[in-house]
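Read the figures in this text as sums done on the coordinates, not as results from a lab. All of these numbers come straight from a predicted model, not from anything done at the bench. All Cβ positions, glycine included, derive from the backbone under ideal geometry; neighbour counts span all protein chains shown.
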Amino acid sequence: MAKNYQDLKKEVWEEEKCAGCGACIAICPADAFVFSPGDFHPKHTEYCKEASDGVPCGACYEVCPRVIPAPSDRPLMGESIRLLSAKAGFEVPGKQSGGAVTALLYDALEARHIDAVVTVTEDPWTHRPSSAIITTSAVLITQAGSRYNWWVPLMAALKEAVITKKYRNIAVVGVPCVVQALKRIRQSDNALLRPFRSSIRLVIGLFCTECFDYQTLVEGKLLRERKIETWKIRKFEVKGALDITLGDGTTVHLPLSEVAECVRPGCAVCTDFTALDADISAGAVGSEAGYTTLISRTPVGEGFLDHAIQAGHLVAGPKVDQKAIKRLAEKKMKRMR
Ligand SMILES: Cc1cc2nc3c(=O)[nH]c(=O)nc-3n(C[C@H](O)[C@H](O)[C@H](O)COP(=O)(O)OP(=O)(O)OC[C@H]3O[C@@H](n4cnc5c(N)ncnc54)[C@H](O)[C@@H]3O)c2cc1C
Ligand code: SF4
Ligand code: SF4
């Protein structure tokens, strides 16, 4: 019998290793995983094709990024074809860094190289994130910016995009744990994963140190303890500390030690800072303010990057400070248990 949800339960959930990426939820053909917002791992209905009916499956175990050893022997910044600072060649009001991720996706949607983007959006009043499918460049621009809080798994929307809506050229934006799961989907020869494998065209990975639990950080620490109402928050930014910009222009500065208790438990075993398995990785560190650091790692990534630059949607900037990226990547690598 192939490994299945029972093994995920033992090896991942009970060991507090679950990243909450949602890959198992997205690909289960029996729709047997359920996720209650705020939980640290999915639950299972205990009806399983493999375990209950003896029908070969094992898809959930096969895609989980936490059942394999964390990367430890790869170059700190991973493989790269091109490393550059870049920004959007047009106005992106809510951009997190240089708006380069929005520009890449905008270009790909406009050129019809992709038909949908699976990503994380958020409610502007509560800042509660959700897994979403975006199909137009106009909506894409309104959803720029980083969601550092976690509420539901990113890949919840992947099933809808692939199975229900039948998009066949999907770009997925995700933090490194999500990117690792996508790599496992792309590399698997499990027939049940074929529709996912053949529909994922581009994977953009965001650099990531950690992710906060929405309930603990926003509803607990900010709202109840600090009396910061969510609708007053304009932007979250993590740059050595958590900076929260409010609507009146003031900033609340929280040292990371103060918000350590809000970090999701699954992040404690995560060692990948730059999304080593993405087609293109993107982050703030390494670039001047107003620019995004981009690492294109695969010929696919390079193709999308090149097209966006040629079209003028993406504009290259000054040289990248590689040392700054390596410093953070090394720090995260040392987290290994
Ligand atoms: C949890 C988290 C932690 C991060 N930590 C670091 C860090 O430590 N150091 C660093 O240099 N950079 C970090 N980043 C990346 C950084 O915040 C920016 O996302 C990156 O620089 C790209 O900026 P941009 O202006 O080009 O993106 P934008 O043009 O603003 O576009 C961002 C895109 O990402 C999507 N998105 C936002 N949040 C998520 C999410 N949680 N999951 C999937 N998609 C999402 C949006 O829908 C949008 O399409 C982090 C990002 C996240 C989400
Ligand atoms: S890490 Fe992702 S695939 Fe693995 S159990 Fe958690 S949600 Fe499922
Ligand atoms: S640190 Fe980032 S990439 Fe790693 S598990 Fe947490 S959210 Fe995922």
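Quick check of the Kirkwood formula: for the chain, what is the inverse mean of 1/r over all pairs of different Cα atoms, in Å? Please report the intermediate quantities before stating the final value.
Working: mean 1/r = 0.0495 Å⁻¹.
Result for the chain stands at 20.2 Å.
For segment 266-328, state which trypsin sites (Lys or Arg not before Pro) are in a DSSP loop and have at most 12 other beta carbons lying within 10 Å of their beta carbon. The partial results should precede the final answer.
Working: sites: 297, 319, 323, 326, 327; in loops: 297, 319.
Sparse-neighbourhood loop trypsin sites (Lys or Arg not before Pro): 319.
Kindly state, to the nearest 0.05, the FRET efficiency for residue 47 paired with residue 187, given R0 = 45 Å and r defined as their beta-carbon distance.
Details: r = 28 Å, r/R0 = 0.61.
The pair residue 47/residue 187 has a calculated efficiency of 0.95.
Using DSSP to call loops (not H, G, I, E or B), can you name the chymotrypsin sites (Phe, Trp or Tyr not before Pro) in segment 49-153 whose Cβ has at most 15 other Cβ atoms within 10 angstrom?
Working: sites: 61, 90, 106, 125, 148, 150, 151; in loops: 90, 125, 148, 151.
When the chymotrypsin sites (Phe, Trp or Tyr not before Pro) of segment 49-153 are filtered for loop state and at most 15 Cβ neighbours within 10 Å, 90, 125 remain.
Running a GNM on the chain with Cα contacts under 10 Å, which residue among 316, 284, 111 ends up with the highest mean-square fluctuation?
Highest fluctuation among the options: 111.
Divide by every residue of the chain the summed helix terms, -39500 (n - 2.57) for each DSSP H run of at least 4, and state the resulting mean residue ellipticity at 222 nm, rounded to the nearest 500 deg cm²/dmol. Mind showing how you got there, number by number?
Values: 12 runs with 86 residues, N = 337.
So the calculated ellipticity at 222 nm is -6500 deg cm²/dmol.
Going toward the positive end of the dipole of the chain, with +1 on Lys and Arg Cβ and -1 on Asp and Glu Cβ, which of 236, 252, 328 do you reach last?
328
Which residue fluctuates the most in the chain, going by a Gaussian network model with Cα springs under 10 Å, if the choices are 158, 83, 294?
The residue that fluctuates most here is 83.
Assuming R0 = 51 Å, what is the FRET efficiency of residue 81 and residue 40, from their Cβ-Cβ distance, to the nearest 0.05? Walk me through the numbers on the way to the answer.
Values: r = 36 Å, r/R0 = 0.71.
That gives a FRET efficiency of 0.90.
List the GluC sites (Glu not before Pro) within segment 272-337 that fall in a DSSP loop (any state other than H, G, I, E or B) and whose Cβ has at most 16 other Cβ atoms within 10 Å. Don't jump to the answer; show the numbers that get you there.
Working: sites: 288, 302, 330; in loops: 288.
Here the GluC sites (Glu not before Pro) that fit, given the DSSP loop and packing criteria, are 288.
What is the fewest-to-most order of 35, 273 by other Cβ atoms lying within 10 Å of their Cβ? Don't skip to the end; give the middle numbers.
Working: 35 18, 273 26.
Fewest to most other Cβ atoms nearby, the residues stand as 35, 273.
Sequence gap at least 6, Cα distance under 8 Å: using those rules, report the relative contact order of the chain to the nearest whole percent. List each step's numbers first, then the result.
Working: 701 pairs, mean separation 78.7, N = 337.
RCO, the chain: 23 percent.
Ranking request for peptides 67-79, 93-105, 41-53, 170-182: highest mean number of other beta-carbon atoms within 10 Å first, then the rest in descending order.
Working: 67-79: 13.4, 93-105: 24.7, 41-53: 16.8, 170-182: 26.7.
Per-residue Cβ counts within 10 Å, averaged per peptide and sorted highest first, yield 170-182, 93-105, 41-53, 67-79.
If you put +1 on each Lys and Arg Cβ and -1 on each Asp and Glu Cβ, how big is the dipole of segment 5-63 around its Cα centre, in Debye rounded to 20?
Numbers: 5 positive and 11 negative charges, 20 e Å.
Roughly 100 debye, rounded to the nearest 20.
By DSSP, what percent of the beta bridges with both residues in the chain are antiparallel, rounded to the nearest 5? Don't skip to the answer; put the middle values down first.
On the way: 31 of 44 bridges.
If I count the DSSP bridges inside the chain, around 70 percent turn out antiparallel.
Past 22 Å, Cα to Cα: identify those pairs from 9/49; 183/235; 43/334, in the order given.
183/235; 43/334
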